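What follows is one structure encoded as structure tokens, with my remarks underneath.
The values are calculated or read from the model by the stated rules, or taken from the named source; none is laboratory data. Small disclaimer: the values here were computed from a predicted structure and weren't measured. Note that each Cβ is placed from the backbone with ideal geometry, even for glycine, and that neighbours are counted across all protein chains shown.
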């Protein structure tokens, strides 16, 4: 009973099964990381290599980061980009009629 209370306090769940499942997955991850580290690898490195192998060709760094779940969220496109008030990405210059600093 004391172990159950300790697990609930440690992981913050009210369900003992969830706490034990979480503890088991943490132990498994630690074990796998240790075994891979002996060979100079890691879970993240293997995931990246798998994505590259399945892609079948070169990927941009942004695409690779998105595939492995390590990319920041893209900002939503502003409505000004479509009506010509935003800077042009192609030329890198402000639109005509824009104020200069």
Residues in region 9-27 that are surrounded by fewer than 11 Cβ atoms within 10 Å (Cβ to Cβ) and at pLDDT below 65 total 1
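Residue-by-condition table, conditions (1) loosely packed, with under 10 Cβ neighbours inside 10 Å; (2) in a loop (DSSP other than H, G, I, E, B); (3) at pLDDT 65 or above:
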{"position": "29", "(1), (2), (3)": "no, no, yes"}
{"position": "59", "(1), (2), (3)": "no, yes, yes"}
{"position": "72", "(1), (2), (3)": "yes, yes, yes"}
{"position": "78", "(1), (2), (3)": "no, yes, yes"}
{"position": "81", "(1), (2), (3)": "no, yes, no"}
{"position": "93", "(1), (2), (3)": "yes, yes, no"}
{"position": "98", "(1), (2), (3)": "no, yes, no"}
{"position": "101", "(1), (2), (3)": "yes, yes, no"}
Please give the number of the condition residue 6 fails out of (1) surrounded by 13 or more Cβ atoms within 10 Å (Cβ to Cβ); (2) modelled with pLDDT under 85; (3) in a helix (DSSP H, G or I). (1)
